[in-house]
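Contents: one structure, followed by commentary.
The values are calculated or read from the model by the stated rules, or taken from the named source; none is laboratory data. What you are looking at is a predicted structure, and each value in this text was computed from that prediction instead of being measured. Every residue, glycine as well, gets a Cβ built from its backbone with ideal geometry; the counts of neighbours run over all protein chains shown.
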């Protein structure tokens, strides 16, 4: 998903092999500001060690969905996502407030247009932050959002095309795995990164962009 | 300034391969030690999160293709490789709407789809030629890595990757090769370490956004 809010940096510079902690710190602030400018209620820098992983019961519950997709439950058997996340040093956790009356859709269809707009919003913020990070030279930046991408981008389809052998995603570059599907406990992670204003007892939708 | 690479072994034979690559169209080529080739699981995941339009549609593209462990094991069997790139003008690789043209597979009036496809074909051809030449001059085994997905380059006019959708046999087993990125090799980092100017080029880029693009290939020889 390419955000309409997105503008390319004026000077795209060649990729550097030098790790510059000062530049990274400045760029993370810039990316947090971008998320907030796009409507995030909060954004915080985190390290992989701040990510709280769910117990297996949640993932087991996801396996029982009647609305499966390549990202719900996350289905990449020959690659280890958790280990991969720990290859990063820094990322950005973002959230938007959700309707307090929003039901737990799990991976199923999202009935309310208002709720659908919220899920799309968190995807849009994550996409824009990830793209901004990419053009700043963090070409391995990787974003996660909320909800089952099939419910959000392919609700009218009878199945997830990407889940079939030899078939691709019909909404490429849009859908991202949810944090939950990646095995991350969003509520505990939000508590750990001390986002001001976030009441973790209330409903929220969260996203994550691992940057560098 | 390129960083020095360690232990190149068989320098004369590798120089012969390097010269051949340049003669046949590589813009630059460098002998690298496998110890200096960065392998990173994030690179493979970037094909899947978010999903690239080819992810799952080509036998070499994640979630298929070489898992990281396989690439690491391959590297253990080699000491050196030839890393090369083919330069692509930004007017082609960062042409307006080239991303949607590639995804749709419909040729554009400016000819950028076929021009870019020709550059990719050169990378696959070079990988294949270098591997053959390596055997001719005395290496006993080789492994090749190319750029992007082989389905769009070698089987553009065919419906589906036969390895995934057909009887399991690749239509072009000799020319086909996994891309560096699909195998988890961080080609950008290796290029930067080689002193080559490599730019992050995405769908939003336009010709004036970046100076140039490059497509990279790697052949290991032992």
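The table for this structure:
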quantity: Selection within the range B:56-71 - closer than 16 Å to residue A:77 by Cα and either more than 7 Å from chain A (Cβ to nearest Cβ) or in contact with a helix residue (DSSP H, G or I) (Cβ under 7 Å, 6 or more places away or on another chain) (or both); calculated: B:56, B:59, B:60, B:61, B:62, B:64, B:65, B:66, B:68, B:69, B:70
quantity: Qualifying positions in the range B:162-192 - part of a loop (DSSP other than H, G, I, E, B), within 12 Å of chain A (Cβ to nearest Cβ) and within 24 Å of residue B:73 (Cβ to Cβ); calculated: B:168, B:184, B:186
quantity: Criterion: more than 12 Å from chain B (Cβ to nearest Cβ) and surrounded by fewer than 18 Cβ atoms within 10 Å (Cβ to Cβ) - qualifying residue of A:77, A:68, A:48, A:103; calculated: A:103
quantity: Index of the failed condition, residue A:18 passing every other in (1) at pLDDT 95 or above; (2) within 30 Å of residue B:199 (Cβ to Cβ); (3) within 14 Å of chain B (Cβ to nearest Cβ); calculated: (1)
quantity: So residue B:108, is it in contact with a helix residue (DSSP H, G or I) (Cβ under 7 Å, 6 or more places away or on another chain) and at pLDDT below 95; calculated: yes
quantity: Any hit, the range B:212-219, residues being out of contact with any strand residue (DSSP E or B) (no Cβ under 7 Å at 6 or more places or on another chain) and touching a residue at least 12 places away in the same chain (Cβ under 8 Å); calculated: no
quantity: Residue check, residue A:149 crowded, with 17+ Cβ neighbours inside 10 Å, modelled with pLDDT of 95 or more and in contact with a strand residue (DSSP E or B) (Cβ under 7 Å, 6 or more places away or on another chain); calculated: yes
quantity: Residue match in the range B:72-87 (condition: crowded, with 19+ Cβ neighbours inside 10 Å, more than 8 Å from chain A (Cβ to nearest Cβ) and under 15 Å from residue B:152 (Cβ atoms)); calculated: no
quantity: Checking residue B:65 against (1) under 17 Å from the mean Cα position of the chain (by Cα); (2) under 17 Å from residue B:126 (Cα atoms); (3) surrounded by fewer than 23 Cβ atoms within 10 Å (Cβ to Cβ), the condition it does not meet; calculated: (2)
quantity: Matching residues in the range A:125-142 - criterion: being within 8 Å of chain B (Cβ to nearest Cβ) and more than 15 Å from residue A:90 (Cα to Cα); calculated: A:127, A:131, A:135
quantity: Given (1) assigned to a loop (DSSP other than H, G, I, E, B); (2) in contact (Cβ under 8 Å) with a residue 60 or more places away in the chain, index of the condition residue B:84 fails; calculated: (1)
quantity: Single match in A:170, A:111 (criterion: surrounded by fewer than 20 Cβ atoms within 10 Å (Cβ to Cβ), assigned to a loop (DSSP other than H, G, I, E, B) and within 10 Å of chain B (Cβ to nearest Cβ)); calculated: A:170
quantity: Total residues in the range B:147-161, condition outside any helix (DSSP H, G or I), within 14 Å of chain A (Cβ to nearest Cβ) and surrounded by fewer than 22 Cβ atoms within 10 Å (Cβ to Cβ); calculated: 4
quantity: Looking only at the range B:22-41, and only at residues there that are in a helix (DSSP H, G or I) and in contact with a strand residue (DSSP E or B) (Cβ under 7 Å, 6 or more places away or on another chain), the one that is farthest from residue A:166 (Cα to Cα); calculated: B:22
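Yes or no, residue by residue, for (1) more than 12 Å from every other protein chain (Cβ to nearest Cβ); (2) touching a strand residue (DSSP E or B) at 6+ places or on another chain (Cβ under 8 Å); (3) surrounded by fewer than 18 Cβ atoms within 10 Å (Cβ to Cβ); (4) at pLDDT below 95:
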site	(1), (2), (3), (4)
A:144	no, yes, no, no
A:159	yes, no, yes, no
A:175	no, yes, no, yes
A:187	yes, no, yes, yes
